[in-house]
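Engineer: First, the structure itself, so that you have it in front of you.
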Amino acid sequence: MSFAELGLMPELLRALHAVGYTTPTPIQREAIPLVLSGRDLLAAAQTGTGKTAGFTLPLLQRLATTPVLHPSNKHRIRALVLTPTRELAAQVEDSVKQYGQDLKLSSMVIFGGVNINPQRDRLQRKLDILVATPGRLLDHVGQGSIDLGGVEILVLDEADRMLDMGFIRDIKRILALLPTQRQNLLFSATFAPEIKTFAHNLLDNPAKVEVAPQVTTAERVEQRIYPVDRDAKKALLQKLIIDGNWQQVLVFTRTKHGANRLAEGLDSDGIPAMAIHGNKSQAARERALSQFKAGKLRVLVATDIAARGIDIDALPHVVNYELPNVPEDYVHRIGRTGRAGAGGEAVSLVCVDEHKLLADIERTIRQKLERVIVPGFEPDPNARPEPLRKPQGARPPRRDMPARGSAPARSGEGRPSGSGRTSSGYASEGRAGANANRSPNRGEANGNRSSDNRGNTAAPRAQPSPGGTRPQPSTGGPRRRPSGNGNV
Ligand code: AMP
């Protein structure tokens with residue numbers, strides 16, 4: 001099937017040709033006709049499936065081909081895309097610009113951590129599509145610099161992450177500002193119960209689309225475990241990089257501190273490396289990422305949240321220097337390699353402390369991973385497991401933390417470090433224990449009170465879900481919604 005057969009207009013087909021996409025991915029095949037029909041959509045699709053184009057392309061076409069739905073709001077925003085992180089917001093808006101290059105639609109991205117004034121100035125002019133993180137969007141609402149009364153299409157991208165990161169109250173406040181008559185698209189990595197409840201309240205008779213997570217689609221990702229002693233991991237990583245002549249390696253650690261230490265260690269040993277995580281400024285993260293993409297930086301060391309939303313095509317090597325606390329993050333991590341049809345290799349350095357994490361991962365992906373022992377790095381059979389490192393400087397979990405999905409105090413997502421508006425100053429990045437899903441932090445959308453412990457314990461679907469729901473007949477456009485749409 002081609003993009004033309006999905007009903008996309010020539011301007012979009014030209015843009016797709018320019019970026020070199022020839023065949024729609026499964027999520028694009030399913031979602032594009034549904035969104036073009038005007039229906040609400042609930043889509044389970046992870047990063048790496050092509051979901052961004054899955055909603056961006058039909059969104060652009062609907063705006064380009066349908067008259068303004070709320071005519072009195074002629075100069076207001078017609079489409080609003082909410083994302084959990086700055087990086088993802090920037091990437092989505094890049095896609096909007098790229099695919100919409102031949103259309104007369106304007107777009108803008110807003111997120112925290114940067115000066116608000118230029119954003120406010122730009123918001124005074126005509127704007128069709130706004131991509132935003134929730135906190136900074138509400139800052140503009142508070143300043144009266146934004147009018148959401150003309151929104152015809154709302155997209156919640158990575159909605160599961162937004163809930164995990166505690167954005168629920170912000171999202172409710174934003175929903176209450178939107179007109180009731182609009183089209184809603186909700187993308188999430190899973191259909192976890194919280195997402196279903198959220199979607200039930202938000203969406204109007206939605207079509208449902210579900211595509212296999214990356215772990216089942218990326219058959220060409222070779223996965224391997226290297227059992228190794230805790231203290232020999234860095235030396236083994238260096239050996240793998242050098243012996244394998246790996247030139248572009250994404251390495252995951254559990255903690256920001258661990259990411260810094262490893263990057264510094266590799267760098268001082270002559271392997272150019274940088275770390276990205278929530279304590280780094282937006283500029284530093286972007287610098288590291290662009291050097292890595294340009295091939296000037298051999299190793300990028302990242303924590304899970306920092307890595308989420310990074311758009312790098314077909315990374316050849318992903319290394320789990322430390323296994324993640326939640327199996328789903330393993331799936332996300334290895335989804336960074338073998339994308340868009342290219343092969344890739346995902347290796348994990350596993351010490352005795354991580355055997356339980358490994359067992360959880362293998363149970364989740366329903367796969368026993370190959371073990372390879374590197375001569376000279378044989379793990380000590382008598383080594384005793386130690387508790388995984390505690391978060392640096394973190395307070396013990398509080399008993400009064402709000403449950404997942406309930407609303408923490410809004411803490412100014414995306415503000416630069418030192419803005420003094422953190423909700424807790426509680427920068428935990430260590431193990432995700434039973435309390436992780438009660439963290440009041442909202443992760444790295446805010447550079448200074450992030451938590452890499454996310455409570456998302458929902459396991460990914462380990463089997464492909466064939467087909468998903470079939471498209472239903474078009475209803476011709478957005479319908480009048482039941483009242484109380486802000487009530488999610
Ligand atoms: P996403 O899941 O939206 O983050 O997209 C994952 C990656 O796949 C991005 O780098 C896209 O540029 C790429 N991509 C999206 N759609 C296609 C397609 N139809 N053909 C090839 N690559 C694609």
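Engineer: Taking the alpha-carbon centroid of each part, what is the distance from segment 99-175 to segment 18-96 in angstrom?
Structural biologist: Here the two parts' Cα centres lie 14 Å apart.
Engineer: Hey, another quick one. In terms of the Cα gyration tensor, with a ≥ b ≥ c the square roots of its eigenvalues, is segment 64-191 rounded because a/c is under 1.5, prolate because a/b exceeds b/c, or oblate?
Structural biologist: rounded
Engineer: Here is a follow-up. With 10 angstrom as the radius, rank F3, F198 by how many other C-beta atoms surround their C-beta, starting from the fewest.
Structural biologist: Exposure proxy ranking, most exposed first: F3, F198.
Engineer: Right, something else. Filter the trypsin sites (Lys or Arg not before Pro) in segment 43-150 down to the DSSP loop ones having no more than 12 other Cβ atoms within 10 Å, then list what survives.
Structural biologist: Filter output for segment 43-150: K74, K104, R125, K126.
Engineer: Could I ask something else about it? Which far-off residues, 5 or more places away or on another chain, put their amide H under 5 Å from the one on V155, with H placed in the peptide plane?
Structural biologist: Amide H neighbours of V155, under 5 Å, 5+ apart: L80, V81, L82, L185.
Engineer: Each residue of segment 176-189 in order: what ³J(HN,Hα) in whole Hz does its phi give by Karplus 6.51 cos²θ - 1.76 cosθ + 1.60, θ = phi - 60°, with x for Gly and Pro?
Structural biologist: With coefficients 6.51, -1.76 and 1.60, one gets 5, 9, 9, x, 6, 8, 6, 9, 10, 10, 10, 10, 8, 5 Hz.
Engineer: Given H placed 1.01 Å from N in the peptide plane, which residues other than close sequence neighbours of V301 have an amide H under 5 Å from its amide H?
Structural biologist: V251, M274, A275, I276
Engineer: Can you sort K280, K172 so the residue with the fewest Cβ neighbours within 10 Å comes first?
Structural biologist: With the fewest neighbours first, K280, K172 line up as K172, K280.
Engineer: Under the rule of at least 5 residues apart or a separate chain, name every residue whose amide H is placed under 5 Å from the amide H of N320.
Structural biologist: F252, V347, S348, L349
Engineer: Which shape class, rounded, prolate or oblate, goes with segment 1-136 when its Cα gyration tensor gives a ≥ b ≥ c as root eigenvalues, a/c under 1.5 marks rounded, and past that a/b bigger than b/c marks prolate?
Structural biologist: Verdict is prolate for segment 1-136.
Engineer: Around Q223, with a cut-off of 9 angstrom between Cβ atoms, what is the net charge of the other residues, counting Lys and Arg +1 and Asp and Glu -1?
Structural biologist: -2
Engineer: If segment 221-366 were replaced by its equivalent ellipsoid, with semi-axes equal to the square roots of 5 times the Cα gyration tensor eigenvalues, what would those be, largest first, whole Å?
Structural biologist: 21, 17, 15
Engineer: What's the exposure ranking of F111, F167, F191, going from fewest to most Cβ atoms within 10 Å?
Structural biologist: F191, F111, F167
Bear in mind that the values in this text are calculations on the coordinates, not laboratory data. Every value quoted in this text rests on a predicted model; they were computed, and no experiment measured them. Cβ sites come from the backbone with ideal geometry, for glycine too, and all protein chains shown count toward neighbours.
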